[in-house]
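Presented below is the structure to which this report refers.
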Amino acid sequence: GENVEQHPSTLSVQEGDSAVIKCTYSDSASNYFPWYKQELGKGPQLIIDIRSNVGEKKDQRIAVTLNKTAKHFSLHITETQPEDSAVYFCAAIERGGGADGLTFGKGTHLIIQP
Amino acid sequence: DTGVSQDPRHKITKRGQNVTFRCDPISEHNRLYWYRQTLGQGPEFLTYFQNEAQLEKSRLLSDRFSAERPKGSFSTLEIQRTEQGDSAMYLCASSSAGTGQETQYFGPGTRLLVL
């Protein structure tokens, strides 16, 4: 089955600086990679996703890059703000394959220092 | 609110008791998923439905767990003879398969504590 590794487990950055979270996956058949933000006591909220036919996707201050050859993908947050503080999860799945459950990384606790 | 809803939000029970959780997906989403999340971990897939058919079960779903989606709308997850190891957040998600927009949207979760 799929295995997703996520690093770092905790990331502390100054407000206004950039944050980068990295994930690797094991199953080359995976073709969809969403990122979720989870605040305390809430369910995960999708913030951006990327499909395997593109290498990069941006949405305002958030971007995701994908390297299929190396089987890794990264989340980039620029101009960080206090409200970006949360736990971020990457995930992978082979859409259209036999198992349609997402495989998640263990999460990154992002702390924005004022 | 047109998002995924779950009920109850919190449940405390004693070991050996049965519990049932409910999930109402986004209207017209034909896929519904259950995940379990323990402290400090990412969600782990348990099972999913396409309409009323249960199509996939993780090996995490022991015989004490059963899920239903009788009319292809809301779903229930029942845990029989609860154990302390069942303490976790149970998350429900829904998606619209076949439209090219298969993003999974999560509910707020039901936090279970087994004493």
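Since every read-out is calculated from the coordinates, none of them should be taken as a lab result. Small disclaimer: the values here were computed from a predicted structure and weren't measured. Because the Cβ atoms are built from the backbone with ideal geometry, glycine has one as well, and the counts that use them run over all protein chains shown.
Annotations for the structure displayed:
- Taken residue by residue and averaged, Cβ atoms of other chains lying within 10 Å of the Cβ of B:37-43 number 6.
- Chain A - percent relative contact order, Cα under 8 Å, separation 6 or more: 37
- Size of electric dipole in chain B: Cβ of Lys, Arg +1 and of Asp, Glu -1, about Cα centre, debye, nearest 20: 440
- When peptides B:8-15, A:58-65 are sorted by average Cβ neighbour count within 10 Å, with the highest value leading, the order is A:58-65, B:8-15.
- Charge context of A:TRP35, other residues only, Cβ under 11 angstrom, K/R +1, D/E -1: 0
- Within chain A: Cβ-based charge dipole about Cα centre, in debye rounded to nearest 20 (Lys, Arg +1; Asp, Glu -1): 240
- Computed across segment A:1-92, the Kirkwood radius stands at 13.6 Å (inverse of mean 1/r, all Cα pairs).
- Of A:LYS42/A:LYS106; A:LYS42/B:LYS11; A:LYS22/A:LYS68; A:LYS68/B:LYS57, pairs whose Cα-Cα distance is over 22 Å: A:LYS68/B:LYS57
- With a 10 Å cut-off around each Cβ of A:41-50, the average count of Cβ atoms from other chains is 5.
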